[in-house]
Amino acid sequence: MHTEPSHLTRPASDPVLREKKPKENLKQRAYLNSVTSMLDYGTTQVVGFIVNPFLVSGVGSVLYGVWQMLGQMTGYAGLADTKAIQVLKWSIAKKRDVVSEDELRSYVTSALLVTAFILPLILIFGVILSWYAPYITGVSQEYTDIVRLTCAILIGALIINRVFSLFESVLRGMNLGYKRMGLRAGIILFGGVLKITALMLGYGLVGLAVVQVFVALITGLSLYYIVKKNIGWFGFGKTDTSNVFRFGKLSGWYMGREFAKMLLLHSDKIILGVIAGPVLVTTYALTKFPALTIQGIVTNVIHGMKPGLGTILGQKEYKRVMTIRTHIMTLTWLITTALGISVFLFNESFINLWVGGEYFAGKEVNLLIVLMAIQYIFIQNDGGIVSLSLNIRTQVYLSYIAAVLTIVFSYFLINQFGILGLCVSIIGGRIVLSVGLPMIVKKRLESDKLVDFQMMIRPVAVSIVLLTVSYLLADSITVHQWTYLIPGIVVSITATLFICWFLGLNPMQRSELMNIFKNLKIFKTD
């Protein structure tokens with residue numbers, strides 16, 4: 001009896017029967033995804049640059065500091081997240097070509113169910129946080145209700161973002177993040193206009209929080225439209241208990257790392273506000289804005305290198321990983337030194353023109369904030385390698401030690417030295433990571449020597465000289481017009497890059513970096 005070959009009787013959803021698609025251009029997609037991320041980040045910073053002066057003048061120094069604190073506080077509610085959205089993204093990325101479309105839809109349903117289960121916990125945490133927010137921020141009685149309502153609305157925005165982030169995870173899992181290019185940037189710009197409008201109409205912090213909710217809704221609905229338009233299989237399918245449990249399984253070390261990260265990176269304004277009051281938070285946040293911008297730029301650039309690095313690490317090509325790490329560290333030093341020196345030299349003039357000289361925290365604080373940003377970027381470089389190794393236990397331990405030290409130092413130093421004490425505390429606490437993470441990387445990569453101290457002499461010497469000269473010149477550099485400030489910053493960055501390139505790097509290092517710039521083969525992903 002004649003029977004049809006088994007491959008002819010497979011369901012249409014079987015991956016074997018799917019229409020054969022052209023091979024993905026991974027390099028092009030990686031580039032487009034990176035451009036999309038940088039566009040979003042750049043737009044966020046531009047909008048922050050425009051909106052912050054309206055914020056400061058619209059709500060005052062006290063409530064601006066409170067707004068900054070609430071932004072960090074509501075982030076803690078997100079710690080109740082099971083990271084099912086992340087599981088969805090990586091599951092789709094790994095299995096999109098080897099499982100059926102029905103299976104992919106079951107992943108989406110499982111992630112949605114787990115997210116729905118966890119939302120009540122976030123809501124309960126949010127209610128508690130909103131009630132105690134006035135006491136944490138230290139506001140007077142007249143602002144109690146406003147602060148509680150604002151915090152509650154921000155928790156609502158967080159929940160909306162959590163739900164709709166499911167669609168972005170699908171998009172990223174399919175390596176189509178670039179399909180939203182310009183969308184989020186446009187929404188961010190629109191949100192900035194709404195914030196200014198809310199302030200001008202006198203709605204204050206509550207109005208700003210409502211804008212956050214509206215922006216979250218528009219972003220989520222837009223992402224849903226893009227996913228439906230570009231991913232034919234997208235939808236909700238049948239799932240089972242095993243899938244739901246797999247997506248809902250909590251990773252203790254991962255959650256531990258997230259909490260430690262929150263303590264390290266998103267507690268500085270809360271600590272300062274609780275100990276010294278929200279007014280100092282305003283000065284600190286505004287002075288920190290340019291340094292935070294360069295920190296984000298460099299981190300986004302380095303983040304774009306991780307996928308290729310992860311592939312090489314997974315193949316256990318440790319010597320190649322070591323070479324890449326050396327190049328990343330050299331490139332990081334080059335960029336952060338040029339940008340950091342320029343921020344240090346011109347930040348006072350920038351703050352004076354932007355929001356007013358009274359919000360500049362001082363030359364010493366300015367220097368420490370720049371050093372904090374640079375320290376964080378280097379920590380992220382090695383932290384990323386450790387994370388890619390999927391063995392983060394020691395990293396989590398070190399992160400908690402650094403966080404505890406930072407909090408303890410802050411308790412004793414902020415009362416006496418204010419913002420300066422906070423900066424010293426943060427740098428001092430993070431030294432644990434600055435020393436510990438390279439040691440972990442050395443062990444993971446089975447290397448006898450992680451750092452070539454002879455290669456470091458020139459960069460370190462050049463950095464010390466540049467910082468010293470900049471510190472001596474800082475008081476004498478005052479710019480009173482934007483038309484002079486912007487060209488001055490460009491000249492400073494260019495001159496510093498020139499000095500670092502020719503005096504800080506030897507011929508071999510320059511040659512290696514030039515080869516990277518020419519062909520980028522070291523980050524080849526296909």
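None of the figures in this text is laboratory data; all of them are computed from the coordinates on show. Worth saying up front: this structure is predicted, and the values here are computed from it rather than measured. Counting neighbours? That spans all protein chains shown, and the Cβs are built from the backbone with ideal geometry, glycine included.
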* To do: With a ≥ b ≥ c taken as the square roots of the eigenvalues of the C-alpha gyration tensor of region 252-526, please select rounded if a/c is under 1.5 and otherwise prolate if a/b is larger than b/c or oblate if it is not?
  => oblate
* When the Cα centres of region 168-213 and region 130-162 are compared, how far apart do they sit, in Å? -> 20 Å
* Euclidean distance between Cα centres, region 456-490 to region 266-287, Å -> 26 Å
* Among ILE155, ILE431, ILE196, which comes first, second and so on when ranked by fewest other beta-carbon atoms within 10 Å? -> ILE431, ILE196, ILE155
* To do: Would you work out if region 339-480 is rounded, prolate or oblate? Take a ≥ b ≥ c from the square roots of the eigenvalues of the alpha-carbon gyration tensor; rounded if a/c is under 1.5, else prolate when a/b is larger than b/c, oblate otherwise.
  => oblate
* To do: Quick one: order THR483, THR115 by neighbouring beta-carbon count within 10 Å, fewest to most.
  => THR483, THR115
* Asked: What ranking of TRP131, TRP67, TRP233 emerges when the number of other C-beta atoms within 10 Å of each C-beta is taken as an exposure proxy, fewest first?
  -> TRP131, TRP233, TRP67
* Structure fact -> Placing each pseudo-label 7 Å from Cα in the direction of the beta carbon, SER511 and ASN415 end up separated by a distance in nanometres of 5.9 nm
